[in-house]
Each structure stands twice: as structure tokens, then as C-alpha cells.
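Participant: This is the structure I want to talk about, given as C-alpha cells.
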Amino acid sequence: MGQPDDAARVHHMLQAARNALRLVEGRTRADLDLDMMLGLSLWKLLEIIGEAASRVTPQLRARHRHIPWQIAADTRNRLTHGYDTVDYAVIWSTVSTDLPALIPDLEAVLKELEDPTAQPETS
């Protein structure tokens, strides 16, 4: 349960983040209130990111402390267990502001995991 599992988890996070950005492309915050499928899709994608982040090994987390692993996991827990108080403004902000910054970091981690000779990037 070492790097191969971490690579899969980071890949899941990356794919979910990219999919979320595709879903909001050309959309506005108001669309989120009007389009139930959009809201539920983004919700699920954020859950996937958080669940995968929670399963990343402590070793990888320690090597990449700049990635908000715990915040992603906490967001997933909030979405799952606090389903009745989810704020779509927070979902929109997370997707439109946080995910674009997260994607390059995840790409760098995945590159490192796929090429063990690559040096980890630090930010």
C-alpha cells in the first residue's frame, strides 16, 4: 500500500477537480442555484476529492505539506455529514477559486509518483 495507491488517489483527486472545472466553465454562481444537477455534481466531485485526500499516506502528505489534504478531507466530511446545512456559495467558491490552484500541485505530485527519479517541487 505505498506509492501505487497514492498515485491512484492523487489521480482521482485530479480527475474530480478537472471535471468540476469543466462543469462550471461558462457558468455563473446563479446557475448553481438554478441547476440541481450542477449542484449535486459539484457536491459529489468535492466529496471524491476529500475522500481520496483522506486516504493519501502520511508520507506523501508530509512530502507535500503545501497541499491542503486535511482541508479537503474535512470538506468531504462536512458535505457528507452536514448535508442539511451545505452552503452552495462555499461549494462555488471552492470549485472556482481553490480547485484551479490545486490542479497544478496535484499534477506535480502525480508526476513525481509516476517518475520516482523526479524531485518533489516545493512551494
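Participant: Being assigned to a helix (DSSP H, G or I), loosely packed, with under 13 Cβ neighbours inside 10 Å and hydrophobic (A, V, I, L, M, F, W, C) is the requirement here; does residue 37 meet it?
Facilitator: Against the criterion (assigned to a helix (DSSP H, G or I), loosely packed, with under 13 Cβ neighbours inside 10 Å and hydrophobic (A, V, I, L, M, F, W, C)), residue 37 qualifies.
Participant: Here's a follow-up. Which condition does residue 67 not pass, out of (1) in contact with an Asp or Glu (Cβ under 8 Å, 6 or more places away or on another chain); (2) under 17 Å from residue 96 (Cβ atoms); (3) not in a helix (DSSP H, G or I), if it passes all the others?
Facilitator: (2)
Participant: Another question about this same structure. When you scan the range 29-51, do you find a residue that is more than 16 Å from the chain's Cα centre (by Cα) and closer than 19 Å to residue 114 by Cα, even just one?
Facilitator: No, because not a single residue in the range 29-51 is more than 16 Å from the chain's Cα centre (by Cα) and closer than 19 Å to residue 114 by Cα.
Participant: Being crowded, with 16+ Cβ neighbours inside 10 Å, out of contact with any helix residue (DSSP H, G or I) (no Cβ under 8 Å at 6 or more places or on another chain), of a type in the set (Lys, Arg) and assigned to a helix (DSSP H, G or I) is the requirement here; does residue 78 meet it?
Facilitator: yes
Participant: Also: Here are the criteria: (1) under 15 Å from residue 13 (Cα atoms); (2) surrounded by fewer than 16 Cβ atoms within 10 Å (Cβ to Cβ); (3) at pLDDT below 95. Tell me which single one residue 113 does not satisfy.
Facilitator: (2)
Participant: Can you name every residue in the range 1-28 that is over 19 Å from the mean Cα position of the chain (by Cα) and not basic (Lys, Arg)?
Facilitator: Scanning the range 1-28 gives 1, 2, 26, 28.
Participant: Of 101, 30, 62, 20, which residue is at pLDDT 95 or above, surrounded by 12 or more Cβ atoms within 10 Å (Cβ to Cβ), small (Gly, Ala, Ser) and in a helix (DSSP H, G or I)?
Facilitator: 20
The values are calculated or read from the model by the stated rules, or taken from the named source; none is laboratory data. All figures in this text were calculated on a predicted structure; none of them were measured in a lab. When we count neighbours, we look across all protein chains shown, and the Cβ atoms used for this are built from the backbone with ideal geometry, even at glycine.
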